[in-house]
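Please treat every number below as a calculation from the coordinates, not as lab data. Predicted, not measured: the structure shown is a model, and the values here were computed from it. As a convention, Cβ positions derive from the backbone with ideal geometry for all residues, glycine included, and neighbour counts pool all protein chains shown.
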Amino acid sequence: MLRFGPWSTTLGLAAAFGALVALLLWCARGNRSAQRLLALLLIVAVLRLMPYVLGFAGAYDLWPWLSFAPFDLRLAIGPLLYLYLLRLATPALPPRWGWHLAPAALDLNYMLWAFALPLAQKHAWEAQVHGPWISPLQDVAGALSLGLYLVLAARLRRRYLDWLHEHVSDRDAQRQPWVASVLLALGLWLLVSTGFDLYSALVAPLTYYDRFPQYLAFSSIILWLGLEGWRHAGRAFPPMRPLTPAAPAGRDWQATADAWHARIRDEGWWRQPGLSLADVAQRLGTNESYVSRAFNGGLGRNFNGAINALRVDAVQAGMRDDPTAELLALGLDCGFSSKASFNRVFREQTGMSPSAWRAAHITKHAAPTAFEATPATRQA
C-alpha cells in the first residue's frame, strides 16, 4: 500500500504544480512554439522528481517492476533550455534543430529497453552493468550537457542584447530579465546536481534518503520556473532577424543619413516608445541593413543612439519652454517608456540626470520671479 508521508507529499505537490503549469503553457496561444518548449522543459524537470515521489511513498517496494522507468531525461534539460531561448529571440528554430535532442532520445531508448527486461534480468543488469558503469556515465553526461547548453544560452542572450542595442530604441523595455532568471535557476540545478554526485562519488555513497535535500531544491526550482514562466508567457520578444545584404560601398551615406534623420525628426517617429530599426526601415521604404549602415556610417552613431538623441533634445527643449515641467511626464511624452530608461539614456547623452541638467542649465539662468521696486525720488 502506498504511504504518502511528508517527504513524498512535498515533492508530489511540487511535481503536480509543475505539470499543471506545463499543461497551461502547452495550451497558451501567444508565442506557442516557445511556450511548448518551456512546457516540455518543466515536464522533464517534473519527471526527475517522480522516482523520489513514488519511492518515498513505497511504490518501488510495492511494484518492483517500476525500476528503469524512463523518468530521468536529464540530457533533454539543456537542449530544451537553449531551444526555448532561441525561439523567443528569433522568428523560427533553425533547420535540423531536433539533433540537439538526439542524446536524450538515445538515453530514453536505453531506459525503455532496460524497463522492458524481465524483473530478474533487471536486477542483474542493475548490479553488474548499470550501477557500476552506465549510471556514472549518465551523471557525467547530464552535467556536461547542461553546462554546455547554459554557456550557449548565455552567449545567445548576450548576442540578443547586443542586437537590441543596435535595432531597438528602448532596449531596457525589451531586456527580459526573465531570461537571466531562467539561466540562474538551471545553473543552480546544475550546481546542486553536481555537488551531490561528487560527494557521493568521492566522499561517501549517498542513499536514497540522503538525496532528499537535492530533490527538495529541485522542487523549489520547479515551483519558481512554473510561476515565473506562466507570468511571462504573454510577453513577446522583438525577433532577431539576419540583416539583408547591404548596398554597394559607393553610396553617399552621409547625405542619405541626413535625409532620413531629418524625416524621422520632422515626422516625430522618435516619440513612439519601442521604435525599432525594422519600423523605421518599413516607413522609409527600405531595408534594415541600409538604415543601419546609414546611421553608423553617415551619422557616426547607431540607430539606438540617434533616436535617443532626438528624444533627449526634445526633453531639453521642453525644459527650456517650461522650467517647472514634471520631468517624468516630459520624458514619457518624448518617447521614453519608463523612468529608468529615461534617466539612464539622459545621463548617457548628457553626463547628468534630467534634474541636475535642468538645475545647471535652466534654473540658475532663469529670470527672477520678482523685481525690487524702484525707490521713490526724494523731493528737494
What order do you get for 260-268, 42-50, 199-207, 100-108 when each peptide is scored by the mean count of other beta carbon atoms within 10 Å, highest first? 42-50, 100-108, 260-268, 199-207
Phi-derived 3J(HN,Hα) across region 340-348 with the Karplus relation (6.51, -1.76, 1.60, θ = phi - 60°), rounded Hz, x for Gly and Pro, is 4, 5, 4, 5, 5, 5, 4, 5, 4
Could you give each residue of region 78-94 its phi-based ³J(HN,Hα) in whole Hz, using Karplus coefficients 6.51, -1.76, 1.60 with θ = phi - 60°, and x for Gly or Pro? x, x, 5, 4, 5, 5, 4, 5, 5, 6, 5, 8, 10, x, 7, 6, x
Can you give the extra length, in nm with one decimal, that the chain gains between Asp252 and Gln272 once fully stretched, where that is 0.36 nm per residue apart less the Cα-Cα distance? 4.4 nm
Cα gyration tensor of region 253-365, axes a ≥ b ≥ c as square roots of the eigenvalues: rounded (a/c below 1.5), prolate (a/b > b/c) or oblate? prolate
Non-local residues with an amide H under 5 Å from the amide H of Ala28, with H modelled 1.01 Å from N and Pro and chain starts lacking one, are none
Label Asp321 and Leu161 with points 7 Å out from Cα along Cα→Cβ: what is the distance between them in nm? 3.6 nm
With θ set to phi - 60° and the Karplus curve 6.51 cos²θ - 1.76 cosθ + 1.60, what are the ³J(HN,Hα) couplings of region 141-154 in order, to the nearest whole Hz, using x for Gly and Pro? 4, x, 5, 5, 4, 5, x, 4, 6, 5, 5, 4, 5, 5
Rounded, prolate or oblate (a/c below 1.5 giving rounded, otherwise prolate when a/b exceeds b/c) for region 207-306 by Cα gyration tensor: prolate
222 nm [θ] for the chain, helices only, -39500 (n - 2.57) per DSSP H run of 4+, per residue, to 500? -20500 deg cm²/dmol
Residues in region 35-51 that a label on Leu66 would reach, taking backbone N under 17 Å of a point 7 Å out along Cα→Cβ: 46-51
Stokes-Einstein diffusion coefficient of the chain, Kirkwood radius over Cα pairs, 4 °C, 1.567 mPa s, in µm²/s: 51 µm²/s
Least to most buried among Met240, Met352 (fewest other Cβ within 10 Å first): Met352, Met240
I need to check one value: relative contact order of the chain, counting alpha carbon pairs closer than 8 Å and at least 6 residues apart, in percent. 17 percent
Förster-model FRET efficiency, 30 Å R0, Ala329 and Arg231, C-beta, rounded to 0.05: 0.55
